[in-house]
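So the structure is just underneath, and the comments pick up after that.
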Amino acid sequence: MVIKPKVRGFICTNAHPVGCAASVKEQIEYVKSQGDLGEGPKNVLVLGCSTGYGLASRIVSTFGYGANTLGVCFEKPPSERKTATAGWYNTAAFHQQAKQAGIYAQTINGDAFSNEIKQQVIDTLKADMGKVDLIIYSLASPRRTDPETGEVYKSTLKPVGQDYKTKTYDTDKDLIHEVELEAASEEEIANTIKVMGGEDWELWLNALAEADLLADNCKTTAYTYIGKELTWPIYGQATIGKAKEDLDRAASEIIKQHSDKNVVAYVSSLKALVTQASSAIPVMPLYISLIYKVMKQEGTHEGCIEQISGLFQQKLLVDSPETDEANRLRMDGKETNEATQAVIKGLWDQVTQENFHQLSDYAGYHHEFLKLFGFDIDGVDYEQDVDPLVEW
Ligand code: NAD
């Protein structure tokens, strides 16, 4: 089949296997180009391993430190008529490269919030890997089924306290327009915390501890975005921000609960980047196209792989790393510093439909968005017939 992007709103509903493989390979090459990264984790569990920050974490673990990895993701397999999701093809490409390098990798595709998948992970670890010394929690999901009650919770992306009117960018229609976002109800806030907060992270650690699969001095981190004034009304101080605050609570709880193993738990704050999760958040596509412009001009632009490689080397794997007031690891300084934010704010105030392509890195945003799904990548022949049926 010849595969061309089918963009619908903030998502692309198909993916290109060859393009996804090329993009995974590019990330692997970046990590390899860094040379020997020294001592690192041996057995890593990556929850949300197939795209974005989780995939980058898996690549750094494998190709930076030679670690065995078990990944969990929720991706759609291909059929004769329909391509798989990008995360499926990324995972297949990752497996092929790990195999070539002779490094163990296994992936479980299913709902990480469920007890069944937790049990499958435990069985696989017991059979193949043994105790884990690093657990990456990188799930981004719009809903979660409570494993005990079966109740389905949905997250919302709404401001807290008051309605909020702002500019946003519609990637599909290439249109800047105003959006009015209604303040979330108490129930919507609670539901978002249930989906994207720390409860499931804690459940994972408890399940692994109970199965005696936590190595002594095991480390774990969950990812957050803190941002600044421009994004606070829709992120940091909004429903999703409330869920992210709950990660701070969960990190302290994990440290307390698993002190016998000396488990170290951090929330790591990363920079805003184009991923499937961030494209769905109102305001973020406009904000990201502006910061790409500013950070590229300042020479500080980074993608997922650079952020995670830096996080591992400078913070996560270091003894007693520098943390912020809430014991978080911060990799977002080049985005959130006052000077950079002031430039972005200046652009934000000026940006209109007419000048958007000049003021922002629209082309960069658009390219990165298509690349998430394996499109718009140099060296890939998109006229070529390809087989969508790729397995790992
Ligand atoms: P993403 O959409 O690229 O990745 C999400 C991953 O979660 C995928 O591997 C997907 O398969 C998996 N997943 C989703 N639901 C699942 C389920 N029920 N069971 C198993 N796997 C499931 O997202 P991302 O942007 O890389 O986000 C990862 C984390 O990083 C999130 O916590 C996010 O808030 C955080 N973060 C993102 C940004 C950003 O700008 N993208 C910035 C800072 C922090």
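Some values worked out for this structure:
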{"read-out": "Among (1) part of a helix (DSSP H, G or I); (2) surrounded by fewer than 17 Cβ atoms within 10 Å (Cβ to Cβ); (3) within 15 Å of the ligand (Cβ to nearest atom), the one test that Ala339 misses", "value": "(3)"}
{"read-out": "Filtered residues of the stretch 76-93 (kept if in a loop (DSSP other than H, G, I, E, B), within 9 Å of the ligand (Cβ to nearest atom) and open to solvent by less than 30 Å² (accessible area, probe 1.4 Å))", "value": "none"}
{"read-out": "Residue that is farthest from the ligand (Cβ to nearest atom), among those in the stretch 263-283 that are open to solvent by 30 Å² or more (accessible area, probe 1.4 Å) and over 21 Å from Gln314 (Cα atoms)", "value": "Pro282"}
{"read-out": "The stretch 175-189 residues that are closer than 22 Å to Ala243 by Cβ and modelled with pLDDT of 95 or more, paired with ones that are part of a helix (DSSP H, G or I) and of a type outside the set (Val, Ile, Thr) (beta carbon under 8 Å, 6 or more apart)", "value": "Ile189/Lys242"}
{"read-out": "Test: residue in the stretch 347-370 that is in contact with an Asp or Glu (Cβ under 6 Å, 6 or more places away or on another chain) and either under 22 Å from Ile136 (Cβ atoms) or open to solvent by 10 Å² or more (accessible area, probe 1.4 Å) (or both)", "value": "yes"}
{"read-out": "Matching entry among Gly241, Gly303 (being within 16 Å of the ligand (Cβ to nearest atom), at pLDDT 95 or above, under 24 Å from Thr192 (Cβ atoms) and open to solvent by less than 30 Å² (accessible area, probe 1.4 Å))", "value": "Gly241"}
{"read-out": "Of residues in the stretch 94-112 being away from the ligand (no atom under 14 Å from the Cβ) and in a helix (DSSP H, G or I), the one nearest to the chain's Cα centre (by Cα)", "value": "His95"}
{"read-out": "Selection status of Asp128, farther than 26 Å from Ala272 by Cβ, open to solvent by 70 Å² or more (accessible area, probe 1.4 Å) and at pLDDT below 95", "value": "no"}
{"read-out": "The stretch 185-224, residues that are more than 16 Å from the ligand (Cβ to nearest atom), buried (at least 22 other Cβ atoms within 10 Å of the Cβ) and in a loop (DSSP other than H, G, I, E, B)", "value": "none"}
{"read-out": "Residues that are part of a loop (DSSP other than H, G, I, E, B) and surrounded by 13 or more Cβ atoms within 10 Å (Cβ to Cβ), drawn from the stretch 325-336", "value": "Ala326, Asn327, Arg328, Met331, Asp332"}
{"read-out": "Subset of the stretch 132-166 that is in contact with a helix residue (DSSP H, G or I) (Cβ under 6 Å, 6 or more places away or on another chain) and of a type in the set (Phe, Trp, Tyr) - its residue that is farthest from the ligand (Cβ to nearest atom)", "value": "Tyr153"}
{"read-out": "Selected residue [open to solvent by less than 10 Å² (accessible area, probe 1.4 Å), free of Cβ contacts under 8 Å to residues at least 40 places away in the same chain and within 12 Å of the ligand (Cβ to nearest atom)] from Gly71, Gly54", "value": "Gly71"}
{"read-out": "Members of the stretch 359-378 that are over 21 Å from the mean Cα position of the chain (by Cα) and in a helix (DSSP H, G or I)", "value": "Leu359, Tyr362, Ala363"}
{"read-out": "Check on Thr62, within 16 Å of the ligand (Cβ to nearest atom), open to solvent by 10 Å² or more (accessible area, probe 1.4 Å) and farther than 24 Å from Glu199 by Cβ", "value": "no"}
{"read-out": "Tally of residues being within 25 Å of Leu270 (Cβ to Cβ) and surrounded by 15 or more Cβ atoms within 10 Å (Cβ to Cβ) across the stretch 131-154", "value": "12"}
{"read-out": "Among the residues listed as Leu286, Leu311, Leu290, the single one being open to solvent by less than 10 Å² (accessible area, probe 1.4 Å), within 17 Å of the chain's Cα centre (by Cα) and within 15 Å of the ligand (Cβ to nearest atom)", "value": "Leu311"}
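The values are calculated or read from the model by the stated rules, or taken from the named source; none is laboratory data. Because the structure is predicted, anything quoted here is derived from the model rather than measured. Every residue, glycine among them, receives a Cβ derived from its backbone with ideal geometry; neighbour counts consider all protein chains shown. Just the protein is used for accessible areas: all its heavy atoms, side chains included, with ligands, DNA and RNA removed. Shrake-Rupley method; radii C 1.70, N 1.55, O 1.52, S 1.80 Å.
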